[in-house]
Structures are given as structure tokens and as C-alpha cells.
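Heads up, the thing below is written out as C-alpha cells.
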Amino acid sequence: MKRNYGIDLLRLVSMFMVCVVHTIGQGGILEGCKEGTIEYAAYYLLGAACYCAVDVFALISGYIATQRRRDHSKLVNMWFQVFFYSIVLTLILSAFSIGKRPGMKEFAMDFFPVISKYYWYFTAYFALYFAMPVLNRFIFTADENAAKRTLTLIFVVYTVIGLIKDPFATDKGYSAIWLMVLYCAGGLAKQAKIFEKKKTFVLILMWLGCLLTMWAVNIFTNTGILLRYSSPTVLLSALLLLVVFSRLELKGTVIRKLSPLAFGIYLFQGNRIIWNYVLKDSAKFVMDMNLFVGLLCALGIAVIIFVSGLAAEYLRTLLFRLLKIPELSRKLAAAADRVIGKVSCVFN
């Protein structure tokens, strides 16, 4: 199957959008905005434009899914990746007296990132990973009509009803259930060939419509009801971006090398010390600037976070290759497969 470099680019763009959301949120900009001011409206518009980033990232997993046998060593390698950012990076930063070193109890729990939910996305993905074979059975056997009908049901059941109540425990999108929904939606979107007959500029106008709807509802009701990962407008925005970027015809020399580093950017900024001591209120100073300059400065800070995370992840991959972590991951995955094979005999 030919690689779609537009999707690879979208993975990087969505991670930059995450950096923007963290800059105006954890960076203290939104907290420093006075409700009803032009600054309040402008920075919330920027946040609304980027809020679909996490949904995009998860949709891509389903969109590029294949029926090939999975390599379980990738999940083990991902665990080592998380271990690096939660434990090793924390030790390195502490050694340079950056931030406050976590207590022994916290530190001990960090060795079990799935249980501790150090990174909620990794915990949710861990559960999704073992559900993928079952989900794939339906995704790859659904015809175009069935895929469209199921996508419609997903919108109604998991997003529209979710605006009223949360009966399916999507937790506003911070859950394994929601990640499974997004994985299915991504795979089904490809099977259904959604928006195939619509021109790209129409899709962009639809995305702008979603953005303005989310922004207006938040500004005039101050509820943020549509600014959650599981809202219909956020999911629709993510799907629209997925289709638009999938149509891009790009050469992938640089993009192909950078795209696999995207998840590391999220892990980098989610490190306890980076999050609580480096990012925390780091962008509040932009509130003293002219709005236009402040917006550019906020985007500049997001670029710095993005590039820093990209560099950290690149260095981590070099270190892991040197330490032969990928080989260790394959051996551990193979050993786990053998153990599971023997244990599963009890069901004979």
C-alpha cells in the first residue's frame, strides 16, 4: 500500500496544535484573559482551532490500520519510550535542579505508567491496542454503506448524547472507550470514503464552520460544552482535517523521518517537571503585549515546545538504538507471547 505523506504531515501538524493548546492553557494565557475582552475572544478562537488535535491523532491510527499481523514489540518499545520521559528525563532535569524531584511514592508509581495514568493517552492506547484485532474484523469487512451508517451512529451515540450526559464513560474524551471510538471512526472513514464527492475548499469551509460554532458557543455561554474531545464539532473538525490532508500529494523525504517522532513531543511536554515547572504560566507575559504581537509570541512559544520535543525524541531514538532497546523489545514481546500461549491452554 502506497504511503500517504499527507497523513504523516497531519500527524506532525496535530502535535503542533497540541503544543498550541498547552501554551495557551498550561502556559497561563487563558487564565490571564478577562472574560468579555477581545483578548479573551482571540485566544479562545486559537484554542478552538487546535482543540481537535488529539482526536486527529487517534483517528489516524484507525485510518492507516492494516490487516497485517501486528508486531507486539512496538507496544513494548512504546512502554520503554514512556519510561524514558517519565523516569529518565525526570532524573536528568532533577540533576540540573530544574523543578522539584517527585517523592519516592510518586517515583515508584511512574514505573507503572499504565496503572498510574502518568500519560492518559498511553493508558487509553494500551487498552485500545488489545481491542484492535476485534475492532479490525468489523472495520475491514464493512462495505461503504455499512461504514457510513456506523459513522452516523457513532456521532449520535457517543457525541450528541454525550452533550446531555456521559452514559458511556467517555470522560470528555480522556478514556480508552473514546480512543476505541476514534480508532473505529478513522478506519470507517476510510472504508466509507467520506466527503469523497466534496471539493477541498468546501471541506475547509465546513471546518471553519465547526471552529466558529465551537468558539461562539464558548464565548456566549461560557460553558465549553463543545470544547471537549468527545463533542460532535471537535470530532467532525478532526475528520475534515483527516480527509483534507489525505488528499495532499507530497514527497516524504523529510516528513517520513519526522512523523514517527510526533508522539515523543507529547510525552516530552507531559513530563511532570516540564509540565509543572517549565510550561506552567510560562506564557503569561504575552498578556502585556499588543494582541497581534501576543498571538505571534504564543505561536512562537508553541514552536519552541514542538522543536524541543522533536529534538528530545530524536536523541532518545539514537540512545535507544545504541542501547539496542528495539531488539530487547522484540525479545520481551516474543517471551510474553510464549507465556500467554501456555497460559491460554487453560481455556482448552
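Quick notes on this one:
- Residue check for residue 87: open to solvent by 70 Å² or more (accessible area, probe 1.4 Å) and either free of Cβ contacts under 8 Å to residues at least 60 places away in the same chain or under 30 Å from residue 191 (Cα atoms) (or both): no
- Qualifying residue in the range 202-221 (condition: open to solvent by 20 Å² or more (accessible area, probe 1.4 Å) and not in a helix (DSSP H, G or I)): no
For (1) of a type in the set (A, V, I, L, M); (2) touching a Gly at 6+ places or on another chain (Cβ under 9 Å); (3) modelled with pLDDT of 90 or more; (4) part of a loop (DSSP other than H, G, I, E, B), each residue gets a yes or a no:
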position	(1), (2), (3), (4)
24	yes, yes, yes, no
36	no, no, no, yes
47	no, yes, yes, no
54	yes, yes, yes, no
74	no, no, yes, no
78	yes, no, yes, no
87	yes, no, yes, no
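- Residue that is farthest from residue 225 (Cα to Cα) [pool: residues in the range 150-183 that are among the small types (Gly, Ala, Ser) and either assigned to a helix (DSSP H, G or I) or open to solvent by 50 Å² or more (accessible area, probe 1.4 Å) (or both)]: 176
- Flag if residue 147 is assigned to a helix (DSSP H, G or I), of a type in the set (Gly, Ala, Ser) and either within 30 Å of residue 71 (Cβ to Cβ) or more than 20 Å from the chain's Cα centre (by Cα) (or both): yes
- Figure legend. Inter-residue proximity from the range 129-146: first residues at positive phi and open to solvent by 20 Å² or more (accessible area, probe 1.4 Å), second residues among the polar types (S, T, N, Q) and assigned to a helix (DSSP H, G or I), beta-carbon distance below 8 Å, spacing 6+ or different chains. No pairs are indicated.
- Total residues in the range 32-64, condition over 21 Å from the mean Cα position of the chain (by Cα) and of a type in the set (Val, Ile, Thr): 2
- Residue count, the range 103-133 (criterion: under 22 Å from the mean Cα position of the chain (by Cα), part of a helix (DSSP H, G or I) and of a type outside the set (Phe, Trp, Tyr)): 11
- Single residue of 87, 29, 24, 92 found to be of a type in the set (Val, Ile, Thr), more than 18 Å from the chain's Cα centre (by Cα) and more than 29 Å from residue 329 (Cβ to Cβ): 29
- Contacts under 6 angstrom Cβ, first residue in the range 325-348 being in contact (Cβ under 8 Å) with a residue 40 or more places away in the chain, partner surrounded by 10 or more Cβ atoms within 10 Å (Cβ to Cβ) and not in a helix (DSSP H, G or I), 6 or more apart: 333/72
- Options 15, 78: the member that is within 15 Å of the chain's Cα centre (by Cα) and surrounded by 24 or more Cβ atoms within 10 Å (Cβ to Cβ): 15
The values are calculated or read from the model by the stated rules, or taken from the named source; none is laboratory data. Keep in mind that this is a model prediction, so the values were computed, not measured. Virtual Cβ from ideal backbone geometry, glycine too; neighbours counted across all protein chains shown. We work out accessible area using only protein heavy atoms, side chains counted, and drop any ligands, DNA or RNA first. Shrake-Rupley method; radii C 1.70, N 1.55, O 1.52, S 1.80 Å.
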